[in-house]
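The values are calculated or read from the model by the stated rules, or taken from the named source; none is laboratory data. Model, not experiment: these values are computed from the prediction. Cβ coordinates were reconstructed from backbone atoms using ideal geometry, including for glycine residues, and neighbour counts include every protein chain displayed.
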């Protein structure tokens, strides 16, 4: 996945994932997100307790094809979430819609935060693609995308930190099917 600096900074995430050849891992560490494309579904979940599992609605029509495409090419996509317990309403919602991530081909695990205390973690959620490209996701205190919402690097030391953190979290985390929020 060799990219020059301009490509790294101008590519969409879909383009980065399309260029990924082997692995894509995502570590999420917040207990609440408030990104706009989930707002309606989250509100409905809070009112009804029923998740929207229609892959044709919300942000799924954009997400599922890029994931299924990557998985079909042999890319292994893993997502780990570090969560406080008892979980927030948002984490209950996120757990309830995770079957769509699994349907797309992702593997998902959950790690209670109390089991992550001795893991050196980066300060932000991230994607690590082919152990080379890191995309940090930046959020406001309220959980929406920060104005400079993404930061990308190919610094080998940063990639190594993210890889080690993710693998340690993954090793300790509970597979989605066995985790009860």
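Return yes when residue 77 is farther than 21 Å from residue 146 by Cα, buried (at least 17 other Cβ atoms within 10 Å of the Cβ) and in contact (Cβ under 8 Å) with a residue 12 or more places away in the chain and no when it is not. First the steps, then the outcome.
Values: farther than 21 Å from residue 146 by Cα: yes; buried (at least 17 other Cβ atoms within 10 Å of the Cβ): yes; in contact (Cβ under 8 Å) with a residue 12 or more places away in the chain: yes.
Answer is yes for this residue.
Could you check region 27-141 for helices (runs of 4 or more DSSP H) lying wholly inside it with 2 or more residues that are more than 24 Å from residue 11 (Cα to Cα)?
Details: elements: 39-48, 60-72, 89-104.
Those helices (runs of 4 or more DSSP H) span 39-48, 89-104.
Just give me the residues in region 5-37 being modelled with pLDDT under 90 and under 29 Å from residue 131 (Cβ atoms), in sequence order. Don't jump to the end; show me each part of the working.
Taking region 5-37 and keeping what is modelled with pLDDT under 90, we get 5-9, 35-37.
Listed by number, the residues that qualify are 5, 6, 7, 8, 9, 35, 37.
Quick check on region 144-166. Is at least one of its residues under 12 Å from residue 29 (Cα atoms), surrounded by 18 or more Cβ atoms within 10 Å (Cβ to Cβ) and either in contact with a strand residue (DSSP E or B) (Cβ under 9 Å, 6 or more places away or on another chain) or at pLDDT 95 or above (or both)?
Step one: filter region 144-166 for residues under 12 Å from residue 29 (Cα atoms), giving 165-166.
Going one step further and asking which of them are surrounded by 18 or more Cβ atoms within 10 Å (Cβ to Cβ), we end up with 165-166.
Right, trim to either in contact with a strand residue (DSSP E or B) (Cβ under 9 Å, 6 or more places away or on another chain) or at pLDDT 95 or above (or both) and you get 165-166.
Yes, there is a match, as at least one residue in region 144-166 is under 12 Å from residue 29 (Cα atoms), surrounded by 18 or more Cβ atoms within 10 Å (Cβ to Cβ) and either in contact with a strand residue (DSSP E or B) (Cβ under 9 Å, 6 or more places away or on another chain) or at pLDDT 95 or above (or both).
Restricting to region 59-74, name every residue that is farther than 17 Å from residue 42 by Cβ and surrounded by 14 or more Cβ atoms within 10 Å (Cβ to Cβ).
Selection gives 64, 66, 67, 68, 69, 70, 71.
Count, please, the residues in region 156-178 that happen to be without any contact (Cβ under 8 Å) to a residue 12 or more places away in the chain and touching a helix residue (DSSP H, G or I) at 6+ places or on another chain (Cβ under 6 Å).
Result for region 156-178: 0.
When the residues of region 44-53 are narrowed to those that are crowded, with 18+ Cβ neighbours inside 10 Å and at pLDDT 95 or above, which ends up farthest from residue 164 (Cα to Cα)?
Among residues in region 44-53 that are crowded, with 18+ Cβ neighbours inside 10 Å and at pLDDT 95 or above, the one farthest from residue 164 (Cα to Cα) is 45.
Scan 56, 11 and give me the residue that is surrounded by 13 or more Cβ atoms within 10 Å (Cβ to Cβ) and over 15 Å from the mean Cα position of the chain (by Cα).
11
Looking at this structure, is residue 15 part of a loop (DSSP other than H, G, I, E, B) and closer than 21 Å to residue 154 by Cβ?
no
Filter region 123-144 for residues that are closer than 26 Å to residue 4 by Cβ and over 14 Å from the mean Cα position of the chain (by Cα) and give the result.
Within region 123-144, 130, 131, 132, 133 meet the criteria.
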